[in-house]
Amino acid sequence: MKKRTTKLRLGVLASGSGTNLQSIIDACANDNIDAQIVRIICNNPDAGALQRAERAGIPRCCINHRVFTGRRGFDAAIIEQLQHDAVDLVVLAGFMRIVGADFVQAFPQRIMNIHPALLPAFPGLQVQKKALESGARFSGCTVHFVDAGVDTGPIIIQAVVPILADDTEESLSARILEQEHRIYPLAIQLFAANALKVEGQRVIIEQAWAGADKLRAEVLLNPPYTTKTI
Ligand code: GAR
């Protein structure tokens, strides 16, 4: 595993309130990840993520998808900005636009996304509601590399969140978001440490990576097994 000599340069794309962005800003500031955010791009001028960027003093801009007639022009403007900033890894943090094939080709296996469900279950939108209505006992969140499909790229890390009897879409979303804030910085640090190798649809995590013991597999049951319940 080759150690990186300079900090990984991140370009973060966000559309909304930016709590995932904040977890990455904090992880960079606390040296929990060997990376620096060199650019934050929002497609929505009112995104809370822009204010977070401003507070943190990070270069930021709005590239509003509404001023483009099609996705290609919008994607091209973002690619140009990210290439200008010499970004090593593109981080989609609550970015609610689908990135096109040109975008994926410009940054092969160098775009990550976070999704609020356990992929490959529940791709797309409103997935916390769909998970709740499906009757599943677990949902969670996934960090994956972005490929040409929607939420189909190789999975890097997931966190499992039980769905409780009295859950609403809001309560489940909030518990999932808490886990998102834990796993996204970890996935970025795995990338920064050159610990990720993609083989087809699978992501291999180099065991030599110092934090590998944190990723020990654990068995989850929901509802939990107790002798009283049987
Ligand atoms: C997060 O739950 C993220 O997983 C989701 O949007 C939310 C953004 O929250 N992303 C998607 O659904 C992507 N399709 P944030 O702005 O507070 O980070």
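The values are calculated or read from the model by the stated rules, or taken from the named source; none is laboratory data. Being a predicted model, the structure only gives us computed values, none of them experimental. Neighbour counts run over all protein chains shown; Cβ positions are idealised from the backbone, glycine included. The protein model used for the area step is the full one, side chains on, heavy atoms only, and it has no ligands, DNA or RNA in it. Shrake-Rupley method; radii C 1.70, N 1.55, O 1.52, S 1.80 Å.
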| task | Could you please tell me which pairs satisfy a Cβ distance under 7 Å, a separation of 6+ or placement on different chains, a first residue in segment 29-48 that is farther than 27 Å from Ala193 by Cα, and a second residue that is more than 16 Å from the ligand (Cβ to nearest atom)? | result | Asn43/Ile63; Asn43/Asn64; Pro45/Asn64
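Return the residues of segment 181-197 that are small (Gly, Ala, Ser) and in a helix (DSSP H, G or I); say none if nothing qualifies.
Of segment 181-197, the ones small (Gly, Ala, Ser) are 187, 192-193, 195.
Those that are small (Gly, Ala, Ser) and in a helix (DSSP H, G or I): Ala187, Ala192.
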| remark: Residue hits (segment 1-35; at positive phi and within 12 Å of the ligand (Cβ to nearest atom)) are Gly18
| message | Among the residues of segment 176-196, what is the count of those that are over 16 Å from the mean Cα position of the chain (by Cα), buried (at least 20 other Cβ atoms within 10 Å of the Cβ) and of a type outside the set (A, V, I, L, M, F, W, C)? | response | 0
| message | Among the numbered criteria (1) modelled with pLDDT of 95 or more; (2) assigned to a loop (DSSP other than H, G, I, E, B), which one does Ser173 miss? | response | (2)
| note | Sole miss for Thr19 among (1) over 20 Å from Gln109 (Cβ atoms); (2) touching a helix residue (DSSP H, G or I) at 6+ places or on another chain (Cβ under 8 Å); (3) surrounded by 19 or more Cβ atoms within 10 Å (Cβ to Cβ) is condition (3)
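Yes/no matrix, rows are residues, columns are (1) in contact with a helix residue (DSSP H, G or I) (Cβ under 9 Å, 6 or more places away or on another chain); (2) farther than 30 Å from Lys130 by Cα; (3) charged (D, E, K, R):
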site: Ala53; (1), (2), (3): yes, yes, no
site: Thr69; (1), (2), (3): no, yes, no
site: Met96; (1), (2), (3): no, no, no
site: Asn113; (1), (2), (3): no, no, no
| said: Looking at Ile63 and the list (1) under 18 Å from the mean Cα position of the chain (by Cα); (2) of a type in the set (A, V, I, L, M); (3) open to solvent by 20 Å² or more (accessible area, probe 1.4 Å); (4) more than 16 Å from the ligand (Cβ to nearest atom), which single condition is not satisfied? | reply: (1)
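Can you find even one residue in segment 36-52 that is near the ligand (Cβ under 9 Å from one of its atoms), surrounded by fewer than 19 Cβ atoms within 10 Å (Cβ to Cβ) and within 20 Å of Glu178 (Cα to Cα)?
Restricting attention to segment 36-52, the residues satisfying the condition of being near the ligand (Cβ under 9 Å from one of its atoms) are 47-49.
Keeping just the survivors that are surrounded by fewer than 19 Cβ atoms within 10 Å (Cβ to Cβ) gives 48.
Remaining after also requiring within 20 Å of Glu178 (Cα to Cα): 48.
Looking for residues that are near the ligand (Cβ under 9 Å from one of its atoms), surrounded by fewer than 19 Cβ atoms within 10 Å (Cβ to Cβ) and within 20 Å of Glu178 (Cα to Cα), one finds at least one in segment 36-52, hence yes.
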| query | So, in segment 90-137, of the ones that are within 8 Å of the ligand (Cβ to nearest atom) and small (Gly, Ala, Ser), which residue ends up surrounded by the fewest Cβ atoms within 10 Å (Cβ to Cβ)? | reply | Gly124
| Which of (1) closer than 21 Å to Asp88 by Cα; (2) in contact with a Leu (Cβ under 9 Å, 6 or more places away or on another chain); (3) in contact (Cβ under 8 Å) with a residue 24 or more places away in the chain is the odd one out, the single condition Arg60 does not satisfy? | (3)
